[in-house]
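The values are calculated or read from the model by the stated rules, or taken from the named source; none is laboratory data. Every value quoted in this text rests on a predicted model; they were computed, and no experiment measured them. Note: ideal-geometry Cβ built from the backbone for every residue, glycine included; neighbour counts use all protein chains shown. Ligands, DNA and RNA are stripped out before the accessible areas are found, and what is left, the full protein with its side chains, is counted by its heavy atoms. Shrake-Rupley method; radii C 1.70, N 1.55, O 1.52, S 1.80 Å.
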Amino acid sequence: MSFLHITMLVVAASFLGYGFSCIFSDRMQQEFIRFGLEKWRVFTGILQILGALGLAIGVKISMIGAIAALGLALLMFLGFLTRLKINDGIKASAPSFILMLLNAYLSYCNFQLL
């Protein structure tokens, strides 16, 4: 298994955890209220779970991996903008920015495999 595929599976596991946390965690519910996005919490969690599943499938089907990673990059870009909008600071904003870049890279790599 290549480094790309291992990275995709690690990122997929992370987003699977974040997705379920988004849907079921009281802490995440409070965070989305703080963000002013409480009505988008469950939808965001579902998108994260679908993106994670897409990355896992993408280990075998590059097109699905590329699209899933691109979608997660967009989701993390929006998360980054949200953090900036509410003045969360660089420390709180950095994870979404890093995950955005990582998923953009994964998407690029998967598109190159097509």
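Tabulated results
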{"read-out": "Accessible heavy-atom area order of Asp26, Asp88, highest first, probe of 1.4 Å", "value": "Asp26, Asp88"}
{"read-out": "Viscosity 1.306 mPa s, 10 °C: Kirkwood-radius Stokes-Einstein D of segment 51-114 over Cα pairs, µm²/s", "value": "135"}
{"read-out": "Percent accessible area from carbon and sulfur atoms, the chain, protein chains only, probe 1.4 Å", "value": "72"}
{"read-out": "Debye intensity ratio in log₁₀ form over the Cα atoms of the chain, taken at each q of 0.14 Å⁻¹", "value": "-0.54"}
{"read-out": "Axial C-alpha extent at least 24 Å, average Kyte-Doolittle at least 0.0 - helices from the chain (DSSP)", "value": "3-24, 41-58, 62-85, 89-113"}
{"read-out": "The chain, accessible area per residue, ligands and nucleic acids excluded (1.4 Å, Å²)", "value": "60"}
{"read-out": "Size of electric dipole in segment 13-114: Cβ of Lys, Arg +1 and of Asp, Glu -1, about Cα centre, debye, nearest 20", "value": "80"}
{"read-out": "Spacing of the two label points (7 Å from each Cα toward its C-beta) at Leu50 and Tyr105, in nm", "value": "2.7"}
{"read-out": "Full-stretch length increase - Ser2, Ser21 - with 0.36 nm per residue and alpha-carbon distance subtracted", "value": "4.0 nm"}
{"read-out": "Given charges at Cβ of Lys, Arg, Asp, Glu: the chain dipole, positive-most of Met100, Leu113, Gly54", "value": "Met100"}
